[in-house]
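Reading through the structure tokens given below for one structure.
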Amino acid sequence: MSIMEYNGGSVIAMVGKDCVAIASDLRLGNQALGISSNFQKVFPVTDRIYVGLAGLGTDVITLRERFRYRVNMYTIKEEREIEPETFAHLVSSTLYEHRFGPYFIEPVVAGLSKTPSGGLKPFIAATDLIGCINFAKDFVVSGTASSKLFGLAEGLWEPDLEPEDLFETISQTLLNAVDRDAYSGWGAVVHVLTKDKIISRTLKGRMD
Amino acid sequence: MDHFPTNWGRPRHEGFDAYATYPIHERPYNGPKDAFAAGVQRTQQPIVTGTSVLAIKYKDGIMMAADNLASYGSLARFKDVQRLHSVGSYTVIGAGGDMSDFQYIQKLLDDLITDEFTAQDGHELGPVEIHEYMSQVMYARRSKMNPLWNSLLIGGFKDGKRFLSYVDLLGTTYTASTLATGYGAYIAQPLLRKAVEGKEDTLTEEEARKILEDSMRVLFYRDARSINKFQISTVTSNGVWISDSIHLDTAWSFAEGIRGYGSQTQ
Amino acid sequence: MLMPDIAMAPHTLPTQHQFNPYTENGGTILAIAGADFSVIAGDTRQSEGYNIQTRYAPKVFRLTDRAVLAVNGFAADGNMFVKKVKQRLEWYRHAHGKDMPLRAIARLIQTMLYARRFFPYYVYNILGGIEEDGTGAVYSFDPVGSYEREACRAAGAAQSLVQPFLDNQIYFKNQTAPPDSAHPTHLPLPTVLSIVIDSFTSATERHIEVGDGLEMYIVLARGRNLAGLEGITGMQELTTTQDGERVFVVRRELKKD
């Protein structure tokens, strides 16, 4: 039995045209037994950053609080909001601090970062459970359905999707991936971050 | 009394298997059993072993190389062993792995060639047939959990066609324009692919020979179970040719400059 | 204390290396059934561990003019299994003077696989072709012979990448049809070929054991015209009889890294 599969769950993030999307399933299980169908895995960090935490349920809660604390400390000390790139490194170093006794979480970060000209640029990243960062230009995946998410995302994703098209793409990718994964599913939640609004929708999924 | 009707010969009734298509080789065996079968030793591990064999296709046919060492563990035990063997007039076979199993394979193949010659039916076995035969032998032995512990390369030239293939102790087979067994698969194969792929029809014998010699040199430098004495074989329209043993020139002077490698005075 | 006994046991026994008669040779196969055709495809890379043994080792085989078999798993078992299936089909031809029907081949394969229940062929089989009623069919098997007829199936190293994609694109899973309409039960041939190619390019991108080449076999029902194959380059016909089903093969390059 792997600890990474103890509670199940999956997260994905995708880049669109001037927007990003992040989505997760809502299952919490005890191995094959389903426990909850509203277990949140994606959390807002700032108005323009979301983080998704797939892995061991107890560490999801611990890390969420830890990131909240560290982001608050950063905001107070720096007197400004943290940027997505910086937050990705904060995630990475937090995990690497526990290199030889890690949190069993592989986080996904999605956000819109400020450009020098004052615009917003989509940003996504994912790390492994000890903080090795993957800055992808297209999509990142994590969790028990990761191989399925890769297969679907590689087939469905295309560059420069508008927010509503990106929503459809990430939703189809997630739903069809978790339907082939015994440890993920039981509903899903999707957030699309654009420059002037955040679209958050809860999706119905197969309940088996 | 044999109680299995399918063992009796022709079916009793035309309605039952009129054309004797029942898989005859799968008939139950009811003969005497070997009372000491449990005491028979099977090959569980190789003892005296040969290392890599390399082979490539080139303009006129195929070229194969293997060194002359048979190791006993880390001991360089036999330093004048032939690991390339000609089979009939069109094929050469090279072996890595257990050398006693290879000698048994050589006997099988020599007997096979004798049988075919005796038939005098105007047919001769080419590399394709030798490959098929060896793949069936190797797969049959692995299926009896009593493998012949070898990786074999089979190369040949017949009816204007080059042929190069691999067979191993599991019965796994494949063909490609460059092949390498053992450590050669890790060290020499990338070099061979770079030098040969796409140039199979233009490489001359001299170029092919240089590619194999260079690869054998690299293997000698890095594979501790190898020796700088090897043979090269070609199979072309002129038939099979296996060279005398070739000694490689190697240079070790660079080691002097590396601390902890050569002899250091301080 | 129970611990010391258990912990000591392995040390007192001599270490025994047991010969392992199996290995995995990577690669992926896939088949999709249409209304009056079938497409059966596989990549051509054969590997063991991180070694690419060859860039061209076929995994898809024409059995008859209406049946194509794809095998994936342990290559030596796969080749032997195909050889034995072909032999049984030849015996059938000699006994009955015709090719075995697809559903009968499917049952034959299950019987042959189950015959080796306690020393299995380590092979996942997908059988595609045309049934006697002229419909496209796909049968998929596990190594010991469990099988079912389906509209599509992926197997092998990248099954987990490809199968959910097919659920979405072939079965329209998680998609709702526009009002007053329904999803098609069978897709047209050009759409199916596009999905097959997309599946393999995706799998090649994200799976190290998939790549080098793609072989797609297309089986057309008796009397069906070549509609949908117009734009396909380098197509080769493998049909051996007249006025029956027709078999074609298309070869494509895949990335070699």
* Apportionment of accessible area to carbon and sulfur, the range C:28-253, percent (1.4 Å) -> 50 percent
* B:254, A:123, reordered so the largest accessible area comes first (probe 1.4 Å) -> B:254, A:123
* ³J(HN,Hα) computed for each position of the range B:183-191 - Karplus, 6.51 cos²θ - 1.76 cosθ + 1.60, integer Hz, glycine/proline x -> 4, x, 5, 8, 9, 8, 3, x, 5
* Structure fact -> Relative contact order of the range B:49-247 (C-alpha contacts under 8 Å, at least 6 apart) in percent is 31 percent
* To do: First measure r as the distance between the Cβ atoms of residue C:241 and residue C:149, then evaluate 1/(1 + (r/R0)^6) with R0 = 25 Å and state the FRET efficiency to the nearest 0.05.
  => 0.55
* Please calculate how many Å² of accessible area chain B carries per residue, with a 1.4 Å probe and no DNA, RNA or ligand atoms counted. => 54 Å²
* To do: At 1.4 Å probe size, with no ligands or nucleic acids counted, give the accessible surface of residue B:99 in Å², nearest ten.
  => 10 Å²
* Asked: Got the relative contact order for the range A:15-137 handy, in percent, Cα pairs under 8 Å and 6 or more residues apart?
  -> 26 percent
* To do: Mind giving me the nanometre distance, one decimal, between the label points for residue A:160 and residue B:110, set 7 Å out from Cα along Cα→Cβ?
  => 7.3 nm
* **Amide H contacts of residue A:35 (H built 1.01 Å from N, under 5 Å, at least 5 apart or other chain)** => A:28, A:29, A:30
* **Electrostatic dipole magnitude of chain B [Cβ: Lys, Arg +1; Asp, Glu -1; Cα centre; debye, to 20]** => 860 debye
* Leaving out ligands, DNA and RNA, calculate the buried accessible area for the pair C and A with a 1.4 Å probe, summed over both sides, in Å² to the nearest 100. => 1400 Å²
* Inter-probe distance in nm under a simple model that places probes 7 Å from Cα toward Cβ, at residue C:111 and residue B:103 -> 4.7 nm
* Lys/Arg Cβ at +1, Asp/Glu Cβ at -1, dipole of the range B:49-247 taken about the Cα centre: which of B:102, B:112, B:157 is farthest positive-ward? -> B:102
* Mind giving me the FRET efficiency for residue C:226 and residue C:50? R0 is 51 Å, r the Cβ-Cβ distance, nearest 0.05 is fine. => 0.75
* Structure fact -> For residue B:149, the residues 5 or more places away or on another chain with a placed amide H closer than 5 Å to its own amide H are B:98
* So what are the three principal axis dimensions of chain C from its Cα atoms, in whole Å, longest to shortest? -> 74, 50, 37
* **Taking all pairs of distinct alpha-carbon atoms in the protein assembly as shown, Kirkwood radius in angstrom** => 29.8 Å
* To do: Go through B:1, A:14 and list them by solvent-accessible area, largest first, probe radius 1.4 Å.
  => B:1, A:14
* Structure fact -> Long-range alpha-carbon pairs in the range A:22-130, meaning those over 15 Å apart, account in percent for 65 percent
* Scan around residue B:62 for amide H atoms under 5 Å from its own, H built in the peptide plane at 1.01 Å from N, and keep only partners 5 or more places away or cross-chain. => B:235
* Relative contact order, percent, of the range C:28-253 when contacts are C-alpha pairs under 8 Å separated by at least 6 residues? -> 28 percent
* Pop out the ³J(HN,Hα) list for the range C:188-202 in order, Karplus 6.51 cos²θ - 1.76 cosθ + 1.60 with θ = phi - 60°, rounded to Hz; leave Gly and Pro as x. => x, 4, x, 4, 4, 4, 4, 5, 4, 4, 4, 4, 6, 5, 5
* To do: Convert each backbone phi in the range B:252-260 into a coupling constant with the Karplus relation 6.51 cos²θ - 1.76 cosθ + 1.60 (shift: θ = phi - 60°), then list the ³J(HN,Hα) values in order as whole Hz, x for Gly and Pro.
  => 10, 4, 4, 5, 4, x, 9, 5, x
* Asked: If the convex hull of the alpha-carbon atoms of chain B is projected onto planes in all directions, what is the mean projected area in square nanometres?
  -> 20.8 nm²
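The values are calculated or read from the model by the stated rules, or taken from the named source; none is laboratory data. This is a predicted model, so every value here is computed, not measured. Note that we place each Cβ from the backbone using ideal geometry, even for glycine, and neighbour counts take in every protein chain shown. When the accessible area is computed, the model is the full protein with side chains, heavy atoms only, and any ligands, DNA or RNA have been set aside. Shrake-Rupley method; radii C 1.70, N 1.55, O 1.52, S 1.80 Å.
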